[in-house]
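Undergrad: Have a look at this one before I ask anything.
The values are calculated or read from the model by the stated rules, or taken from the named source; none is laboratory data. Here the structure is a predicted model, which is why all the values come from computation and not from measurement. Cβ atoms come from the backbone with ideal geometry, glycine included; neighbour counts cover every protein chain shown.
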């Protein structure tokens, strides 16, 4: 069949070449402005399915007419036009269901209920949704967000009067200071230095502890670790980081010595895990390895900055 198709294609090319020359002769003899054109009902004899798929895409981009597409599929354009007009009148009159598409949602009621739940306008019971009781320890994303959101602080003492005093009792307008103000002293923040140290510490920990972990798991490199093994390795390195003193000197003996008592920082590690999960929920994405590295350094600086004067 393929050989027959190739021969038919070859014969079609020869026929086109012959008729083009004949049409040029007729054009010159009759004085036509343009020569006649040759068009076949089927453009390609090799793959009919691919040809029809291409025609549909061209029609979507308004590169070919609907009439031409209907003829290629074997439909009568006049008959199809009549049917389309009749269906359009029936849909406008409510005698026919509208087509589902980008501009029509057949389940508009369910969509409105979904929007009402997402925006908090309605409760689950109001839209007919029955929820099972939550298990112990389970929290919704909204509860997690409110749990880890910063609490508002009141820096001014409470007062029974919102605006004490009378108008005009304050400092006179455009008045100058009677005494020289004290010079402000700059107090450098230690959080930035701790965060930068924690970033470098993670690289040093990985360089020292990775060979030990690979030997323990009997693997050639970190990429060959399974998902469970990789998570265990990252958990171990994170606990080692949280067990180190801020701005301390990192050596191989120090890191290997921390392996025996990394469980002492389980509380801090669990707090970090919950905090990191909430960051991922807020960003609505899975954190990359580089983002997790920044997360650990930032959390470490939050925990240990208060310990350094």
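Undergrad: Looking at 269, 217, which is the one that is within 35 Å of the chain's Cα centre (by Cα) and in contact (Cβ under 8 Å) with a residue 24 or more places away in the chain?
TA: Result: 269 is the single residue among 269, 217 that is within 35 Å of the chain's Cα centre (by Cα) and in contact (Cβ under 8 Å) with a residue 24 or more places away in the chain.
Undergrad: Given the conditions (1) over 22 Å from residue 213 (Cα atoms); (2) under 30 Å from the mean Cα position of the chain (by Cα); (3) part of a helix (DSSP H, G or I), report the number of the one that residue 305 does not fulfil.
TA: Only one criterion is unmet by residue 305, namely (2).
Undergrad: Only one of these conditions is not met by residue 52: (1) within 30 Å of residue 6 (Cα to Cα); (2) touching a helix residue (DSSP H, G or I) at 6+ places or on another chain (Cβ under 8 Å); (3) modelled with pLDDT of 85 or more. Which number is it?
TA: Single failed check for residue 52: (3).
Undergrad: Related question: Would a scan of the stretch 132-143 turn up a residue that is at pLDDT 80 or above and surrounded by 10 or more Cβ atoms within 10 Å (Cβ to Cβ)?
TA: Checked the stretch 132-143: no residue is at pLDDT 80 or above and surrounded by 10 or more Cβ atoms within 10 Å (Cβ to Cβ).
Yes/no matrix, rows are residues, columns are (1) modelled with pLDDT of 85 or more; (2) assigned to a helix (DSSP H, G or I):
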site	(1), (2)
183	no, no
199	yes, yes
204	yes, yes
207	yes, yes
231	yes, yes
237	yes, yes
254	yes, yes
266	no, yes
272	yes, yes
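Undergrad: Being surrounded by fewer than 17 Cβ atoms within 10 Å (Cβ to Cβ) and either more than 13 Å from residue 200 (Cα to Cα) or not assigned by TED's automatic domain parsing to the domain that holds residue 299 (or both) is the filter here; which residues of the stretch 243-259 pass it?
TA: Within the stretch 243-259, 245, 252, 253, 256, 257, 259 meet the criteria.
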